[in-house]
1. Helix 103-116 versus the longest principal axis of the chain: what angle, 0 to 90°, nearest 10, using Cα atoms?
2. Run the numbers on the chain and let me know its relative contact order in percent, using alpha-carbon pairs under 8 Å that are six or more apart.
3. State to the nearest 20 debye the size of the charge dipole of the chain about its Cα centre, where the only charges are +1 on K and R beta carbons and -1 on D and E beta carbons.
4. Using packing as a proxy for protection, rank 16-28, 99-111, 282-294, 229-241 so that the peptide with the highest average count of other Cβ atoms within 10 Å comes first.
5. In Å, what is the Rg of the alpha-carbon atoms in region 2-62, and how long is Dmax?
6. Return the long-range amide H neighbours of residue 93 (sequence gap of 5 or more, or a different chain), with a cut-off of under 5 Å between placed amide H atoms.
7. Using the Karplus curve 6.51 cos²θ - 1.76 cosθ + 1.60 with θ = phi - 60°, what ³J(HN,Hα) values do you get for each residue of region 58-63, in whole Hz, with x for Gly and Pro?
8. Treating only the Cα positions of region 244-298 as identical point scatterers, give the base-10 log of I(q)/I(0) from the Debye formula at each q in 0.14, 0.29, 0.30 Å⁻¹.
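Nothing in this text is a laboratory measurement; each read-out follows from the coordinates by a stated rule. Everything quoted here is computed from the prediction, not taken from an experiment. Quick reminder, even Gly has a Cβ in these numbers, built from the backbone with ideal geometry, and neighbours come from all protein chains shown.
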Amino acid sequence: MQATVTRIDFGSVRVRSDDGRAYEATVPGRLRGARKALGNAVVTGDRVHLTWEGERAVVEGVEPRRNAFSRRAAGEREEEQVVASNLDLVLVVASLQRPDFKHGLVDRVLVQCERAGVVAGLVLNKTDLDGRHETDAILAEYARAGVEGMATCAVTGRGVDAVRERCRGRRTLLVGHSGVGKSTLLIGLLPHETIARGEVNEVTGKGRHTTTAAVLYRPEPGTELIDTPGVRAFALWGVDAAELVEYYPELRPHLGGCRFGDCRHDREPGCALRAAAERGDVGERRFASYCKLRDELAGGFH
Ligand SMILES: Nc1nc2c(ncn2[C@@H]2O[C@H](COP(=O)(O)OP(=O)(O)OP(=O)(O)O)[C@@H](O)[C@H]2O)c(=O)[nH]1
Ligand SMILES: [Mg+2]
Ligand SMILES: [Zn+2]
């Protein structure tokens with residue numbers, strides 16, 4: 001039997017079969033990583049084959065992933081954390097205030113989406129708290145970088161219909177800092193029956209207002225939304241300093257125009273990227289974010 005992984009628990013996974021039934025399934029040791037932990041062996045969004053051992057569903061195999069959205073795992077070790085797989089869209093959710101808007105996280109998620117080959121969008125939430133009137137400027141900045149943006153107030157539902165339309169017929173991953181309103185937005189996108197059946201207990205963590213695992217919901221056939229726990233710091237995975245520029249789509253057209261073939265797009269004279277940013281052809285702040293990330297990845301600050 002074929003199924004989709006909707007959530008990872010400690011020793012098992014939750015899956016939904018193609019006919020819509022939910023099961024808990026165990027993952028045999030041979031599918032696990034070296035430490036016998038689940039690791040990235042099975043993630044939310046994976047397509048799996050199930051067999052039965054008596055009453056128990058067992059994951060027999062995982063289909064190759066069409067794509068996967070990763071970050072660097074928290075902690076000292078250089079380790080990949082695959083957040084979810086087989087995605088059509090990643091929405092990075094950010095709030096204007098409480099917590100304040102942070103370009104750093106948005107730009108990192110966009111880089112990681114480019115690397116994964118998944119289309120990204122930006123949802124600016126808490127427009128009711130936009131005391132500094134930043135919404136339009138932020139959306140315009142990202143529109144220039146080719147990222148479609150939407151403004152929402154998840155508590156009143158303002159702008160949520162546009163997000164629903166964007167997600168319809170797709171599998172969408174919601175990512176962002178803790179407390180920006182991902183789960184509140186998700187509840188607004190789910191039909192009332194799903195909430196009434198109590199299937200979204202995890203969403204608010206039973207009053208703790210914190211999501212603890214990547215959880216896949218299916219508001220209607222063909223449409224799936226994956227809520228994720230908020231991140232404190234989002235570190236890049238699988239991107240090195242030299243290739244970072246490839247993941248800024250608005251910088252790509254200027255590549256090859258630098259005076260020196262081995263230009264690091266730092267302080268070299270005749271750098272076409274810096275010139276484009278100075279002319280205003282490329283957003284100044286996005287170029288600054290590129291420089292900052294590149295220096296971080298290069299392991300030093302100049
Ligand atoms: N003022 C205002 N508050 C909001 C809005 N959307 C969500 N909130 C509030 O922000 C708080 C955090 O919302 P959550 O939906 O739990 O945030 P989250 O991004 O899922 O957080 P994590 O699960 O920790 O990552 C809650 O108290 C919400 O009621 C909004 O549009 N405006
Ligand atoms: Mg949440
Ligand atoms: Zn250059």
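1. That helix lies at roughly 70 degrees to the long axis.
2. Values: 569 pairs, mean separation 43.9, N = 302.
RCO, the chain: 15 percent.
3. Values: 44 positive and 43 negative charges, 83 e Å.
Value, rounded to 20: 400 debye.
4. On the way: 16-28: 13.3, 99-111: 20.0, 282-294: 18.1, 229-241: 15.8.
The packing order, highest mean first, is 99-111, 282-294, 229-241, 16-28.
5. 10.5, 34
6. 123, 175, 176
7. 10, 6, 8, x, 10, 6
8. With no solvent term, the Cα-only Debye profile gives -0.30, -1.39, -1.46.
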